[in-house]
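All remarks here apply to the structure that follows.
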Amino acid sequence: MTRVVVTVMPKAGVLDPQGQTVEGALGRLGFGGVSDVRVGKRIELEVGGDDPLAAVHEMCERLLVNALIEDYDVRAES
Amino acid sequence: MSVAVLRFPGSLDHESAQRAVESVGGIATSVWHADAELPAGVGAVVVPGGFSYGDHLRPGAVASRAPIMGAVRRHVDRGGLVLGICNGFQVLCEAGLLPGALRPNATLTFVCRQASVEVADDGSPWTAPLGVGARLSIPIKNNQGAWFGHPEIDRVALRYVGDDRLGSVTAAAGVLDESGRVLGLMPHPEEACDPLLGSTDGQSLFGVAAAA
Amino acid sequence: MSGATKPKHRALGLTDREAERITALLDREPTDPELVMFSLMWSEHCSYKHSRRLLGRFPSEGPGVLQGPGENAGVVEIEPGRALALKIESHNHPSAVEPFEGAATGVGGIVRDILAMGARPIALLDSLRFGELRSARSRHLFVRSVAGIGHYGNCIGVPTVGGEVAFDDRYEDSCLVNAMCVGVVEPGRVLRAAASGADNAVVLIGNRTGADGIGGASILASAELDEDEDRRPSVQVSDPFTERKLMDCCLELASSDLLVALQDLGAAGLTSASSEMAAKGGVGIDIDLDAVPLRQALTPAEILVSESQERMLAVVEPRLLDEVIRVCRRWELDATRIGVVTDDGDLVARSGGEVVARIRATSLTDEAPAYRVALHAPSPSEPLDLADVPEPTDLATAWRELLGRPNVASKRWVFEQYDHLVGANTIVRPGGDAAVVRLPGSNRAIALTTDCAERHAELDARGGGAASVLEAARNIAAVGARPLAATDCLNFANPEKGSTGWRLREVIEGMSQALEALGIPIVSGNVSLYNESPARAIYPTPVVGMVGVIEDAAARVGHGFVDSGDVVLIAGGGRPRLDASEWLGEARGCPDRPDAASEARLCELLARAGERRLVQSAHDVSGGGVAVALAECAIAGRLGADVELPVERRADEALFGEGGGRVVVTCRPRNLDALRDAAGGVPLTEIGTVGGDLLRVRIGSDMAELSVADATNAYEAGIPEVVA
């Protein structure tokens, strides 16, 4: 089994209301110099089989990620 | 004394809460989140429902760090009463004024329906007039209403009756802080203060606020 | 297909003749940004070029109408000092591409239309159509659209109080998501989109501009969806939190009289908003694109047509500009002066000091071609031969099965995901006929509904158009309200093919006749064409949104049975027929054409009976016939009834037949005579008595019996079972 980590982020150019809100809140709390905050999610999976990364890529395409608005990155946890 | 009803960007139920206070003969004052102090003469604070800051990051997380929350904390320290409804409950948990946290409903959907809740702890100014076992018909409407905490230590004020428990630990619908002066609940008593809306069971809580 | 192999105008969806017309209007060749602007403003979505000539038929005037079609929303006076703004709009194609965001942004758009009138939104409704739920794709579209509507409506704090959803294979490739919003406004404070006053500032409020939906208005709304993925624009992502701030902010600006004009940015973005504001005011607008706050690098043409959501355009007097910006900042919203009003009538866009577009505003808004659609009548449909419809072996089993069909079953799974209570004014909740919302701070209430008789319209366009209006009116009247005004969303297939154009005209005619019989206007509307794929075209789907008034909110009438011993009656006339019925399950046969005049009298009776507290409950007979209507009354009231139905031909037809304008009402025995006196010429047929925990219906020598518990289980399980 391989521990696989998927990072899902709003696609470049796609509005990220969550990131905007967090950025505004950080500013109000006095954290200066913060910009381009983007909020995504991380999904961890234990995957078996011959090619776990390829399998997770397919999972991303078919379920985990909405390719219209999200980008993702898949890597194996060492 | 008046009842301060807080307003954050994304608050939705502040006007309904003010009307509920007025429906029991109280005086309600709207208070803006950026203010650092509550107005003079406030006996109770209501943190109303809604989607403050769009529920971004975690529901209530951003609002709980607003300037007015420091004043709410001092109000509690002085012996004042606080009522958090739905998102207001989430804000109070995020602020550390109430124990536990609110997690997504077991259905993973927004749930809007009339619910029945029962008083489980009447050792609080909020629930004393009702008494343990009193049942209230009040609507619930939330995405993240499953309370997660430690009921063996934390004070559960209200519990759902029947299947409508949203995934809450011990079916908790509302919890108290140690002192009993801060109450947070997921159901919306401000939507149950008018016979035309089908229930007036929410008026008791606003009566406590108005008399504080 | 690649854009490089054909002229730019064709790649943008413009015909050669339209391109020639643009050159003639400009008296030169258009620049690229100008061509893009024209292509969007002259798209079907923005210009109604295939329906405009037909829409003039609608009655749109009346004593209370303050604003008819042509603005962001219609406005009608409801009491001294108070008016309602209402509008329904489609977001069909975006919802087919990405149902969650498509449906959510549809809600956002209609809310901003109401806001642009200076009105405070108080209720939302949604009319939805999907393919059959056995299709995985349709289940996905349904579940995600509902989630998107809930996400948006719940977060902005406007209650979603009603609407309808239906499933039919004809919507498998083209789902429909129509959203309706109603708001309240003081008549003296109605805002309009007309810009005025040279040198006044043009201010963009709300979200920054990104690549959302670029090309959407033109390409998605004008061409049938096909496999050509490259033509898909980037999906608009909804931001309801910003919308809520926009609502609070714009209402504060409007009530402080800080605005000259207000307009939302929807299809075709800044181009549409600015050209409409200029054209309506007979002025020009000069925009500096470099001042528009951006989320990412965009070309001038992209900035001009971006459909980024949650943005409004305001015209502000220079002396009030600082105050406007201060209010926006308080709401944590960007507000930027991006241009000025001019007196030359031109829409001008500048970038890097250069003029990239200069177009007479009216060329964009008023000079789009208006096409005559071909009017080919389809061959008339034949009435159903009952012999072709198998008779159910057991009526009770058939009844229970019908109650669980997704088209009939309880929509609780849908409306419990919507906050239908926020505002503490919803006094009749979803699940019955019309929803009822008390006007804030008033004893009056409004009734709201959306309805459509699409299978009827498929078989008889004129009759189906009338039936859509009349069903809405019956739903309004059933809760004790009087119809006040309507808004419409005409969802059709490709008007350039087959009989679609003829059907469009006939539906409009039928709707208009019914509206005239009821004496109410259409005050706003929307048209969505090209809802077809190579395999399927949708039914003509003229969704009618209607509002009515109840003078005393406490007099509203529910649909559930109230007390044992109450008398059950059917009010209204018409013969039950299985043609196009839910029991038949398809658009086959030829339903009777409705009698609008007698239905108008039925509506008046129901409103009067409600006012005089003569009825205990009332419920419209629609999909599934009297059997389903009775079951719904029993389920809602947790009480059975003992009923005898007249039978003309067959028991299943008497039970499940639809058509006519019929309403199941109950009254206390002591009020029966008063109700008969009030009826005038409206037929009132006593059919039984409320009581017990069984629903027992005798139809001639046949009998159908169902326990209220069994009926409830079948009815409530229908949708959760298929979507789970």
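Read-outs throughout are calculated quantities, based only on the coordinates presented, and are distinct from any laboratory measurement. Bear in mind that the values here come from a model prediction, so they are computed numbers and not experimental data. Positions of Cβ are backbone-derived with ideal geometry, glycine not excepted, and every protein chain shown enters the neighbour counts.
The mean number of Cβ atoms from other chains found within 10 Å of a Cβ in peptide B:10-17 is 5, as a whole number.
All C-alpha to C-alpha distances of the range A:2-76, sorted into 5 Å bins beginning at zero, yield P(r) values of 3, 15, 22, 16, 14, 12, 9, 6, 3, 1 percent in whole numbers.
If you take the Cα Rg of chain B and divide it by 2.2 N^0.38 Å, with N the number of residues, what do you get? Numbers along the way, then the final one.
Working: Rg = 15.1 Å, N = 212, 2.2 N^0.38 = 16.8 Å.
My calculation over the Cα atoms of chain B gives 0.90.
What is the dipole size for chain C, taken about its Cα centre, with +1 at each Lys and Arg Cβ and -1 at each Asp and Glu Cβ, in debye to the nearest 20? Could you put the intermediate results ahead of the total?
Values: 72 positive and 105 negative charges, 200 e Å.
Here the size comes out at about 960 debye.
Going by average Cβ neighbours within 10 Å, how do the peptides C:66-78, C:167-179 rank, with the highest at the top?
Working: C:66-78: 22.0, C:167-179: 24.9.
With the highest mean Cβ count within 10 Å placed first, the list reads C:167-179, C:66-78.
The alpha-carbon of A:LYS41 sits under 13 angstrom from the alpha-carbons of these aspartates and glutamates, leaving out residues fewer than 8 places away in its chain: A:ASP16, A:GLU70, A:ASP71, A:ASP73. Quote the relative contact order of chain C in percent (integer), defining contacts as alpha-carbon pairs under 8 Å separated by 6+ residues. So the answer I get is 15 percent.
All C-alpha to C-alpha distances of the protein assembly as shown, sorted into 20 Å bins beginning at zero, yield P(r) values of 13, 44, 35, 8, 0 percent in whole numbers.
Counting beta carbons within 10 Å around each of C:TRP583, B:TRP32 and listing the fewest first gives the order B:TRP32, C:TRP583.
Between helix C:625-637 and chain C, what is the angle of the helix's C-alpha long axis to the longest principal axis, kept within 0 to 90° and rounded to the nearest 10? Compared with the principal axis, the helix lies near 90 degrees.
Debye calculation, C-alpha points only, no solvent: report log10 I(q)/I(0) for the range C:305-347 at q = 0.21, 0.32 Å⁻¹, in the same order as the q values. Here log10 of I(q) over I(0) equals -0.83, -1.22.
Charge tally around B:GLU118: other residues with Cβ under 9 Å, Lys/Arg +1 each, Asp/Glu -1 each, net +2.
In chain B, taking the dipole from charged Cβ atoms about the Cα centre, the farthest positive-side position among B:VAL72, B:THR170, B:VAL5 is held by B:VAL72.
Measuring against 27 Å, Cα to Cα, the residue pairs C:LYS49/C:LYS245; A:LYS11/C:LYS411; C:LYS8/C:LYS49; A:LYS11/C:LYS497 contain C:LYS49/C:LYS245; A:LYS11/C:LYS411; A:LYS11/C:LYS497 as the ones spanning a longer distance. The Cα center of the range C:384-458 and the Cα center of the range A:39-58 differ in position by 44 Å.
Per-residue Cβ neighbour counts within 10 Å put C:THR487, C:THR15 in the sequence C:THR15, C:THR487, beginning with the fewest. May I ask you to derive the relative contact order of the range B:2-211, considering only C-alpha pairs under 8 Å and at least 6 residues apart, and to give it as an integer percent? Once divided by the residue count of the range B:2-211, the mean separation gives 22 percent. Hey, what D do you get for chain C in µm²/s if you plug the Kirkwood alpha-carbon radius into Stokes-Einstein at 4 °C and 1.567 mPa s? Reported coefficient: 50 µm²/s. Against the empirical curve 2.2 N^0.38 Å, the C-alpha radius of gyration of the range C:53-167 lands at a ratio of 1.20. Simple point charges give the picture: +1 on the Cβ of Lys and Arg, -1 on the Cβ of Asp and Glu, and for the protein assembly as shown a dipole about the Cα centre of about 1560 debye. Ordering C:SER60, B:SER179 by the number of other Cβ atoms within 10 Å of each residue's own Cβ, fewest first, gives B:SER179, C:SER60.
Please list the three semi-axes, largest first and in whole Å, of the ellipsoid equivalent to the range C:557-724, using sqrt of 5 times the eigenvalues of its alpha carbon gyration tensor.
Working: eigenvalues 113, 86, 45 Å².
Taking √(5λ) for each eigenvalue gives 24, 21, 15 Å, largest first.
Compute the orientation-averaged projected area for the range C:256-370 from the convex hull of its Cα atoms and round it to one decimal in nm². Reported value for the Cα convex hull: 7.8 nm². What base-10 log of the normalised intensity I(q)/I(0) is obtained for the range C:1-62 from the Debye formula, alpha carbons as equal point scatterers, at q = 0.13, 0.16, 0.24 Å⁻¹? Taking Cα atoms of the range C:1-62 as identical point scatterers yields -0.44, -0.60, -1.01.
In peptide B:109-119, what is the residue-averaged number of other protein chain Cβ atoms found within 10 Å of each Cβ?
Values: counts 7, 11, 3, 14, 6, 2, 0, 0, 0, 0, 0.
Average neighbour count from other chains, rounded to a whole number: 4.
Can you pull the mean other chain C-beta count within 10 Å for peptide A:17-29?
Details: counts 13, 7, 2, 9, 13, 5, 0, 5, 8, 2, 0, 6, 3.
The per-residue average across the peptide is 6.
For chain C, the longest principal axis of the alpha carbon atoms and the long axis of helix C:596-611 meet at an angle near 80°.
When the inverse distances between all different Cα atoms of the range B:1-87 are averaged and flipped, the Kirkwood radius reads 12.8 angstrom.
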